[in-house]
Every structure is written in structure tokens, then in C-alpha cells.
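See below for the structure under consideration.
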There are 2 protein chains.
Amino acid sequence: MNDTSYKIGMLGTGRMAINLSRLWAAKGHRIFIGSRDPQKAKTVAANVEGAVQGGSYRETAAFADVLALAIPWTAVTATLPNLGLLDGKILIDMTNPVEQTAVGMQLAIGHTTSFAEEIAQLTPGARVVKAYNSIYFDVLTDPQFGDQNASAFICGDDVTAKEVVAQLSQDIGFDPVDSGPLSNARLLEPLAVLWMQLAFSSHGTDIALKLLKR
Amino acid sequence: MNDTSYKIGMLGTGRMAINLSRLWAAKGHRIFIGSRDPQKAKTVAANVEGAVQGGSYRETAAFADVLALAIPWTAVTATLPNLGLLDGKILIDMTNPVEQTAVGMQLAIGHTTSFAEEIAQLTPGARVVKAYNSIYFDVLTDPQFGDQNASAFICGDDVTAKEVVAQLSQDIGFDPVDSGPLSNARLLEPLAVLWMQLAFSSHGTDIALKLLKR
């Protein structure tokens, strides 16, 4: 168990959301799962062991010090205005703005901006961190590959927020890699597209990216 | 030693070029190093053990089955027209079109195209492969991190060309990762910018990227 227990709001009820809720709850963090359908969120929460509640997006945001955005990117713009004030809250963006194109899965947004930066524009006051966008939900629960643990690439403009997310990453067995300012989501989003293409074509989803050091 | 020995043309005399020449020559491949200054290329070649010659860009291209583009990206457009016919030759693009911007090192080209694709446009007939663009020249000579060898991410449209580059990567101790079509240079070029930022800010250059599998 950590010294620091966070109040984590999980926006979404998909597999990433459920796995992260379970893992962080097991580490002693308090979790509130939010859905467009509050009843569904309550049902999902009831099935996760630990201090886990469920309800509306707005309740989730009000509860949380750390909010994790675990909904499809196409739903983000419509969802954010329902969260209420986010001043000072840490918002972990784990989305990828991808679309199918003639040359395969590609970014719909990029290089001169990133979805994370657009999210930051839409959430004034929130401390937006991009993370977990190139980790498969099953790998979340088992980040160890032989003697190597997968990297969690993290970028953001608020140093403290990044430290919190780094701690939350270590809590679940990842090697956090501070990947610079939020504008580097322009690099982490393409990284995720590469990972997705490898996962869903040649390699299968039991893969992860690692920054090797020595 | 391999079964297959290639005739490799190294365009450039920098540290990536010298290290790759040395490593591949040691594996029994024949090398021709080319420079704008043919005399310099000859001097460089004389200092590399093995079957290594030096001369002009045009001589290098004429010699090679496999050409490696190891010059700064800003010099590429002016250099390519000096190579002569490239029909069927494999051209390994290891450049990164980066520039300093207000938000740090970023890509000058991207998402709706890549430098590798522009190079392919400029080299009709050549089989362009993007590779080695996120590997530090010192890591080239020592790709082993504990029990993990670094990945060599490789993309291109010609399957045979990619297989050759995969073999050349294995020859020097890398784990080749087929990263899809050449248009995926739109993903490998941002990956390299991330790697550069990590290398030249927080982590130092003794790092490498790895696709973990199990």
C-alpha cells in the first residue's frame, strides 16, 4: 500500500477503465466510476473489489483528484462539458484520435497539435496528462515481460501531475517515462498508432513498448 | 558469417555510417562508402576493417544492392539526384526530418506524409525502407540491454526489401520489427523524435526502444 491514496475518477466503463479501477483499488486508492448511464456505472463498480463507487460523469468528476479519460475519443468533446469545474484536477488522457484510412489506421489529428492539447483547451484549470494510450487493457494487469516491465510514457505540462501519474503507474508495475510537455502527445499519439497496428496485425495484443536503459 | 553477403552502399561518413559500415563489414558484407568529397570517403573507408571502399555518391550507388541514407535530412533532396539510376535497389532511409520549434524538437513533415515517402517519390524504382532512425550510433554497436536486445523498427512497401533489412538488423544484434508499409514512416519518424527528446534531455543517449513480446 502507498503512503498516498488518491481519489480517482474513472470516466468510462470499458475494459481499460475496469482494469485500471481494479488495479488502483487494490493499491488502496478510492475509485469512482462514471458513465453516461449512472446505473450502469454503479453495476460495474459493484463488481470491482475495494473502495469503488459508481455514478454520473459529473459525480465522478466532483469526487476525483485524478480523472482518467477512458472513453472513445469520438465521445470526448461531447462528454467534457458535463464534468463541471475541473480546476486543479489531474486529467489523464489515454485516448487516441485514430481513424481508418486508405493507408490503415492513422491519426485524425496531428503534428501541429494533438488530441491531448485539444482536451487541455477544452478543460481550463485541469492539469492534463497523456498516459496509458499505448497499453493494451490486458497488459495493464500484467506489465511484466520476463524480467522487463513495460514503460508507461507520460507527458504533460504540470510536473506534479506527472509525478502523481508516474506513481500511479509504478503502483501497477509499469516503468514510468517522463516524456516531456503535453505537446509531446504529438509523439505519444503516433506511438500508439504504431503499437495498435503491430498489435492488431502481426504481433497480437500481448506486446508492449519499453524504453531500455542501462 | 551469413549465407547472403550484400553489396551495401553507405551514403554519408558520419558516426551512424561508420558504425554500420564496420558492423556489416565484420559480418562479411561488402561496403562502399560515399561522400560529396570522394577523397574523404576513401580515407574513412581505409580506416574500416573488411571489404570497404570509398568514393563518390554515384560510385556508391552504382556499387550497391542496398543503399543506406546516412546524411542529414536537409541534405537529402540535393543528394538524391546525384545517385544515378536506383531501379530495384533497396534504399534504407534512416533520416529524421526534425527542426527546433518553440515546443522543442519536432517533425518538419508529418502525418499526411513522411520524409520516407517523399524520398520514395524522389527515387523512382528504388525500394525504400525506413529503419535505424531511432537508434543512437553508439547503441548500434551494443544493442544488448541486459538480456534484451533493442528493436529495429522497419517499414516499407516491398516485402523482400524489408526482409533484407531485417536480416541486416539481426546481423548486428537487433530484434527486427516489421512495422508495416512505408506510410508508417509517419509513425516511425515521430517515434524517433520522442527517442531524441528522451536521449538529449532526461535519459542520455544510452537508451533504446524495444517491442516487448511474450
Confirm whether residue B:27 is farther than 30 Å from residue B:190 by Cβ and either of a type in the set (Phe, Trp, Tyr) or open to solvent by 70 Å² or more (accessible area, probe 1.4 Å) (or both). yes
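Based on this model, can you work out whether residue B:34 counts as at pLDDT 95 or above, within 12 Å of the chain's Cα centre (by Cα) and open to solvent by less than 50 Å² (accessible area, probe 1.4 Å)? Walk me through how you get there before you give the answer.
Working: at pLDDT 95 or above: yes; within 12 Å of the chain's Cα centre (by Cα): no; open to solvent by less than 50 Å² (accessible area, probe 1.4 Å): yes.
Against the criterion (at pLDDT 95 or above, within 12 Å of the chain's Cα centre (by Cα) and open to solvent by less than 50 Å² (accessible area, probe 1.4 Å)), residue B:34 does not qualify.
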Which of the following residues is over 27 Å from residue A:58 (Cα atoms) and at pLDDT below 95: A:97, A:190, A:143, A:124? A:190
Would a scan of segment B:126-143 turn up a residue that is of a type outside the set (Val, Ile, Thr), within 14 Å of chain A (Cβ to nearest Cβ), open to solvent by 10 Å² or more (accessible area, probe 1.4 Å) and farther than 29 Å from residue B:7 by Cβ? no
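Can you find, within segment B:117-132, the residue that is farthest from the chain's Cα centre (by Cα) among those that are in a helix (DSSP H, G or I) and within 26 Å of residue B:55 (Cβ to Cβ)?
Keep residues of segment B:117-132 that are in a helix (DSSP H, G or I), which gives B:117-122.
When the remaining residues are screened for being within 26 Å of residue B:55 (Cβ to Cβ), the result is B:119-120, B:122.
Numbers: B:119: 13, B:120: 14, B:122: 17 Å.
Per the stated criteria, the residue is B:122.
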Flag for residue A:212 being modelled with pLDDT of 95 or more and either farther than 20 Å from residue A:23 by Cα or crowded, with 23+ Cβ neighbours inside 10 Å (or both): yes
Exactly one of B:95, B:112 is out of contact with any Phe, Trp or Tyr (no Cβ under 8 Å at 6 or more places or on another chain) and either open to solvent by 30 Å² or more (accessible area, probe 1.4 Å) or in a loop (DSSP other than H, G, I, E, B) (or both), and that one is B:112
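One residue is enough: does segment A:165-174 have a residue meeting the conditions more than 7 Å from chain B (Cβ to nearest Cβ), farther than 13 Å from residue A:152 by Cα and either open to solvent by 10 Å² or more (accessible area, probe 1.4 Å) or without any contact (Cβ under 8 Å) to a residue 40 or more places away in the chain (or both)?
At the first step, the residues of segment A:165-174 found to be more than 7 Å from chain B (Cβ to nearest Cβ) are A:165-174.
Imposing the further condition that a residue be farther than 13 Å from residue A:152 by Cα reduces the set to none.
No, that holds for no residue.
Take segment B:192-208 and flag every residue that is in contact with a strand residue (DSSP E or B) (Cβ under 9 Å, 6 or more places away or on another chain), open to solvent by less than 60 Å² (accessible area, probe 1.4 Å) and more than 7 Å from chain A (Cβ to nearest Cβ). Outline the logic, then answer.
Taking segment B:192-208 first, the residues in contact with a strand residue (DSSP E or B) (Cβ under 9 Å, 6 or more places away or on another chain) are B:192-204, B:206-208.
Retained after the next criterion (residues that are open to solvent by less than 60 Å² (accessible area, probe 1.4 Å)): B:192-199, B:204, B:207-208.
The answer is B:192, B:195, B:196, B:199, B:204.
Before we move on, is residue A:54 buried (at least 24 other Cβ atoms within 10 Å of the Cβ), over 18 Å from residue A:124 (Cα atoms) and not hydrophobic (A, V, I, L, M, F, W, C)? Break it down stepwise before answering.
Details: buried (at least 24 other Cβ atoms within 10 Å of the Cβ): yes; over 18 Å from residue A:124 (Cα atoms): yes; not hydrophobic (A, V, I, L, M, F, W, C): yes.
Here the answer is yes, as residue A:54 does meet what is asked.
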Lone unmet requirement of (1) open to solvent by 10 Å² or more (accessible area, probe 1.4 Å); (2) more than 9 Å from every other protein chain (Cβ to nearest Cβ); (3) in contact with a Cys (Cβ under 8 Å, 6 or more places away or on another chain) for residue A:185: (1)
Filtering segment B:144-164 down to residues that are open to solvent by 10 Å² or more (accessible area, probe 1.4 Å), touching a Gly at 6+ places or on another chain (Cβ under 9 Å) and within 11 Å of chain A (Cβ to nearest Cβ), which residue is farthest from residue B:72 (Cα to Cα)? B:147
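The values are calculated or read from the model by the stated rules, or taken from the named source; none is laboratory data. This one's a predicted model, so the numbers in the text were calculated from it and none came from an experiment. Using ideal geometry, Cβ is built from the backbone for each residue, glycine included, and neighbour counts are taken over all protein chains shown. We work out accessible area using only protein heavy atoms, side chains counted, and drop any ligands, DNA or RNA first. Shrake-Rupley method; radii C 1.70, N 1.55, O 1.52, S 1.80 Å.
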